[in-house]
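Structure first, commentary second.
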Amino acid sequence: MTGVEEQLMRALHDDHAAALWSYALHLTGGDRARAEDVVQETLLRAWRHPRVLDQSQGSARAWLFTVARRIAIDGWRSAAARSEVPTDAPPELAEPDGTERAVQGWLVAEALGELSARHREVLMLCYFHGLSVADAALRLGVAEGTVKSRTHYALRALRLIMEEKGVTP
C-alpha cells in the first residue's frame with residue numbers, strides 16, 4: 001500500500017467506521033464479534049478496490065453499507081448451510097406424555113380462582129363452555145357489550161396473574 005492509499009484508507013476509516021460498525025451490529029443482531037468481522041471484511045474489500053478509496057466521486061458510505069449487508073447475508077447463508085444435516089429418515093417425533101398440558105391446566109385453574117367472580121364467570125361461559133357473546137349475555141342477563149368488556153378485562157387480569165406466576169405468553 002502506497003502512502004497515498006494508506007492516507008485514503010485512514011480517511012475512509014475515520015469518516016465511516018463508526019456508522020459502519022453501528023450498521024454491522026444491527027445486521028448481526030447485536031453479535032459484537034460477528035459485527036467486527038463484517039466491518040473488517042468490508043474495509044478489506046474497500047482496500048482491494050482503490051476506486052472506493054478515492055472519495056472525489058462522492059461518498060463511499062453507500063458502497064460500504066452495501067458490501068457489509070452482502071457479507072452479513074453470506075454469513076447467514078453459510079451458517080444455515082452448516083447447520084443442516086442431511087439424512088435419509090426424518091427425526092423421531094417425541095411423544096407428548098401430557099405432563100406439560102396438565103401443569104398448564106393446573107396453572108390456569110389456579111389463576112382463574114384468583115379472578116373476580118364476574119371475570120371468572122364470563123371466561124368460563126365464553127371460553128370453556130364455548131358460548132357466543134350473545135348467548136353469554138342472555139345467560140348472565142347483561143348487555144353484549146358488557147360481556148365483551150368483561151371478557152377483555154378478565155383476559156387482561158388473567159394474563160397479569162399468569163405473568164406473576166412466571167408463565168409468559
Check your understanding: Would region 150-159 turn up any residue that is surrounded by 15 or more Cβ atoms within 10 Å (Cβ to Cβ), assigned to a loop (DSSP other than H, G, I, E, B) and of a type outside the set (Phe, Trp, Tyr)?
Key -> no
Revision key, fill the gap. Given (1) surrounded by 10 or more Cβ atoms within 10 Å (Cβ to Cβ); (2) at pLDDT 80 or above, GLU5 misses just (2)
Practice item. Inspect region 90-102 for any residue being modelled with pLDDT of 75 or more, hydrophobic (A, V, I, L, M, F, W, C) and closer than 25 Å to THR2 by Cβ and give the result as yes or no. Key: no
**Study point:** Residue that is surrounded by the most Cβ atoms within 10 Å (Cβ to Cβ), among those in region 15-32 that are in contact (Cβ under 8 Å) with a residue 24 or more places away in the chain and within 10 Å of ALA68 (Cα to Cα)
**Key:** ALA24
Check your understanding: What helices (runs of 4 or more DSSP H) lie completely within region 93-143 and have 2 or more residues being touching a residue at least 24 places away in the same chain (Cβ under 8 Å) and surrounded by fewer than 17 Cβ atoms within 10 Å (Cβ to Cβ)?
Key -> 99-114
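The values are calculated or read from the model by the stated rules, or taken from the named source; none is laboratory data. Fair warning: this is a prediction, and the values are worked out from it, not measured in the lab. Don't worry about glycine lacking a Cβ; one is built from the backbone with ideal geometry, like all the others, and counts go over all protein chains shown.
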